[in-house]
Amino acid sequence: IPVDVFDLVIFGGTGDLARRKILPGLYRRFLAGQMPAESRIIGAARGELSEAEYREQVRAAIAEFVPKARQDTAIEGFLSRLQYVAIDATGTNGWAQLKGLMRENVVRAFYFSVAPGLFGDIAQRLSEHGIADAWSRIVVEKPFGRDLASARALNAVLARHFNETQIYRIDHYLGKETVQNLMAVRFANILFEPLWKAEYIDHVQITVAETVGVNGRGAYYDKSGAMRDMVQNHLMQLLCLIAMEPPYHFDPDAVRDEKLKVIRALKPVPPEDIVRGQYGPGKDEPGYLVHAENPASRTESYIALKVQISNWRWQGVPFYLRTGKRLRARASEIAITFKQPPHAIFDDASGWHENVLVIRLQPNEGMNLMVMIKEPGPGGMRLMQVPLDMSFADAIEDAEDVPDAYERLIMDVIRGNQTLFMRGDEVEAAWAWTDPIIEGWEARGDRPQVYDPGSSGPEDALMLMHRDGRRWREIR
Ligand code: BG6
């Protein structure tokens, strides 16, 4: 379904995120026929580039980041919608020109794909020059602050010039197809919801494992670490979608109100429920410290936490969260382990396992419900566990057609739908929970435990579950 005609300005239009995600995503939406003919994309950045030069840069980005099969002769049509303005975010250059380009009666969206330190300057100039109107939307990227104080300051700066309904804070995990599917599974089926509580659920595991290291991002990452880079945002969002109460409607504030309640109900995490790791050198590769360019760095590239939610539904149900870089496999999943039936009627308990609902986020998106059945054959009533397998690849005809998270979210901005974006109070609440955890390990001077690249993380993380009589699922 085509969206309304828009002018989308990308600040940082020559930057890494624009090249990797935003422009290739827009191109795919263009190919899908979702971008009305009169819509335009205006790249804005510091460099003096001609329009032709900018278009060539975008052509190269698409050649690099869009799968070959999706590249198309229609690219000329896409490129013809691109314009470029050289702009100085902290000065005067370019703003009058940008204003001259904006059209009346079309959706105006401004993507701040720049360092957060520039958000305030850009917001101020957009409103001073009358470039943004009361219907304009701004899109801001993570990191949204590095603690509660800085997130509040950012919210305040944006609020000076824009209403909350105009601000789209991106967490690209919310744009992932399977993450949205999580809500469909929970709230469009009667099967799961009655069991979705402490009475029937033993524990939940959320894993986001990556094989990549920090490589070229060491300077940013070393100031951030896995807690700020992944847990405060992406893992927190996943946890919210699992733990939230059913919203009364799939509408932005209804959904975000429910997520906010979960974040506010998170208990403080004691030091013994946190394991931090840092990958060491491998056979042919340097370790984290070399990439971080800081031989004394105590920043974690891995973290595991046991998190508890202090409310009626989740009383006593631990949520084990873990995420890390340079791990054995790229594998993100949520696993919900149910309790055992109250009474065992079968003598054979040898093959016994609990029911587990595994929601696989990436790769190989899908769901598995592990159930117990009778082992086929004449051997009596022996039990075995089998998966009820719902692989999305089978359900979707062309997996390539599934929009990438960014594509989906940018189109939501144009449609004016904030459901999959974070509200200011939500981000602040997430930092309010995160801050004391980080302050705690900084005050104690904790060092992360070194783990081997290509492993499943630090040994201590195993203990986090073993001592509760549970086990992490294998990363694969
Ligand atoms: C980003 C983090 O937000 O998410 C990166 O800054 C991380 O460190 C990335 O690699 C993971 O995203 P995805 O979509 O590849 O799981």
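The values are calculated or read from the model by the stated rules, or taken from the named source; none is laboratory data. Note that this is a predicted model, so its numbers are computed, not measured. Using ideal geometry, Cβ is built from the backbone for each residue, glycine included, and neighbour counts are taken over all protein chains shown. Accessible surface areas use protein heavy atoms only, side chains included; no ligands, DNA or RNA. Shrake-Rupley method; radii C 1.70, N 1.55, O 1.52, S 1.80 Å.
Only one of (1) part of a loop (DSSP other than H, G, I, E, B); (2) open to solvent by 60 Å² or more (accessible area, probe 1.4 Å); (3) farther than 30 Å from Asn311 by Cβ is not met by Ile190, so which one is it?
(3)
In segment 156-187, which residues are open to solvent by 20 Å² or more (accessible area, probe 1.4 Å), under 28 Å from Asp7 (Cβ atoms) and more than 13 Å from the ligand (Cβ to nearest atom)?
Answer for segment 156-187, where residues must be open to solvent by 20 Å² or more (accessible area, probe 1.4 Å), under 28 Å from Asp7 (Cβ atoms) and more than 13 Å from the ligand (Cβ to nearest atom): Ala156, Val157, Ala159, Arg160, His161, Asn163, Glu164, Thr165, Gln180.
Is it the case that Val262 is crowded, with 20+ Cβ neighbours inside 10 Å and not in a strand (DSSP E or B)?
Here the answer is yes, as Val262 does meet what is asked.
Given the residues Ala132, Ala153, Ala74, Ala86, which is the only one that is open to solvent by less than 60 Å² (accessible area, probe 1.4 Å), under 20 Å from Thr14 (Cβ atoms) and of a type in the set (A, V, I, L, M)?
Ala86
Considering only residues that are of a type in the set (A, V, I, L, M), more than 12 Å from Asp404 (Cβ to Cβ) and open to solvent by less than 20 Å² (accessible area, probe 1.4 Å), which ones fall in segment 24-46?
At the first step, the residues of segment 24-46 found to be of a type in the set (A, V, I, L, M) are 26, 31-32, 35, 37, 41-42, 44-45.
With the extra rule that they be more than 12 Å from Asp404 (Cβ to Cβ), the set shrinks to 31, 35, 37, 41-42, 44-45.
Met35, Ile41, Ile42, Ala44, Ala45, listed by residue number.
Scan segment 376-396 and tell me whether some residue there is at pLDDT 95 or above, small (Gly, Ala, Ser), in a loop (DSSP other than H, G, I, E, B) and more than 17 Å from the chain's Cα centre (by Cα).
Keep residues of segment 376-396 that are at pLDDT 95 or above, which gives none.
No, because not a single residue in segment 376-396 is at pLDDT 95 or above, small (Gly, Ala, Ser), in a loop (DSSP other than H, G, I, E, B) and more than 17 Å from the chain's Cα centre (by Cα).
When you go through Ile414, Ile334 one by one, which is the residue that is closer than 27 Å to Val66 by Cβ and buried (at least 20 other Cβ atoms within 10 Å of the Cβ)?
Just a single option satisfies the conditions, and that option is Ile414.
What number of residues within segment 125-170 satisfy the criterion of being farther than 21 Å from Pro252 by Cα and acidic (Asp, Glu)?
3
Is there a residue in segment 291-300 that is outside any loop (DSSP other than H, G, I, E, B) and of a type in the set (A, V, I, L, M)?
Looking through segment 291-300, at least one residue is outside any loop (DSSP other than H, G, I, E, B) and of a type in the set (A, V, I, L, M).
Taking the condition of being among the aliphatic types (A, V, I, L, M), within 12 Å of the ligand (Cβ to nearest atom) and either open to solvent by 10 Å² or more (accessible area, probe 1.4 Å) or not in a helix (DSSP H, G or I) (or both), how many residues in segment 214-259 meet it?
2
Quick check on my filter: what residues within segment 241-262 are in contact with a helix residue (DSSP H, G or I) (Cβ under 9 Å, 6 or more places away or on another chain) and under 11 Å from Phe421 (Cα atoms)?
Pro252, Val255, Arg256
Of these, Ala153, Ala149, Ala159, which one is aliphatic (A, V, I, L, M) and in contact with a Phe, Trp or Tyr (Cβ under 9 Å, 6 or more places away or on another chain)?
Ala149
Any idea which of Leu266, Leu305, Leu327 is within 12 Å of the ligand (Cβ to nearest atom) and either farther than 23 Å from His203 by Cβ or in contact with a strand residue (DSSP E or B) (Cβ under 8 Å, 6 or more places away or on another chain) (or both)?
On the way: Leu266 fails: within 12 Å of the ligand (Cβ to nearest atom); Leu305 fails: within 12 Å of the ligand (Cβ to nearest atom).
Going through Leu266, Leu305, Leu327 in turn, the sole match is Leu327.
List every residue pair whose Cβ atoms lie under 9 Å apart, where the two residues are 6 or more positions apart in sequence or sit on different chains, the first residue falls within segment 94-110 and is under 14 Å from Ile41 (Cα atoms), and the second residue, located anywhere, is part of a helix (DSSP H, G or I) and among the β-branched types (Val, Ile, Thr).
These pairs meet every condition: Val107/Val413; Val107/Ile414; Ala109/Ile410; Ala109/Val413; Ala109/Ile414; Phe110/Ile122.
Tally up the residues in segment 96-130 that are under 30 Å from the mean Cα position of the chain (by Cα) and either assigned to a helix (DSSP H, G or I) or not small (Gly, Ala, Ser) (or both), please.
Number of matching residues: 19.
Report yes if Ile206 is of a type in the set (A, V, I, L, M), assigned to a helix (DSSP H, G or I) and either within 16 Å of the ligand (Cβ to nearest atom) or at pLDDT 95 or above (or both), otherwise no. Please lay out each step first, then the result.
Working: of a type in the set (A, V, I, L, M): yes; assigned to a helix (DSSP H, G or I): no; either within 16 Å of the ligand (Cβ to nearest atom) or at pLDDT 95 or above (or both): yes.
Answer is no for this residue.
How about segment 331-348: which of its residues are away from the ligand (no atom under 16 Å from the Cβ) and either in a strand (DSSP E or B) or without any contact (Cβ under 8 Å) to a residue 12 or more places away in the chain (or both)?
Ala335, Ile336, Thr337, Phe338, Pro341, Pro342, His343, Ala344, Ile345
What number goes with the only condition from (1) touching a residue at least 60 places away in the same chain (Cβ under 8 Å); (2) surrounded by fewer than 19 Cβ atoms within 10 Å (Cβ to Cβ); (3) of a type outside the set (Lys, Arg); (4) more than 16 Å from the ligand (Cβ to nearest atom) that Thr211 does not pass?
With respect to (1) touching a residue at least 60 places away in the same chain (Cβ under 8 Å); (2) surrounded by fewer than 19 Cβ atoms within 10 Å (Cβ to Cβ); (3) of a type outside the set (Lys, Arg); (4) more than 16 Å from the ligand (Cβ to nearest atom), Thr211 is out only on (4).
Can Arg322 be described as of a type in the set (D, E, K, R), within 16 Å of the ligand (Cβ to nearest atom), open to solvent by 20 Å² or more (accessible area, probe 1.4 Å) and in contact with a strand residue (DSSP E or B) (Cβ under 7 Å, 6 or more places away or on another chain)?
No: the conditions fail for Arg322.
Please find, within segment 265-290, the residue that is most open to solvent (accessible area, probe 1.4 Å) out of those that are closer than 25 Å to Gln237 by Cβ and part of a loop (DSSP other than H, G, I, E, B).
Pro268
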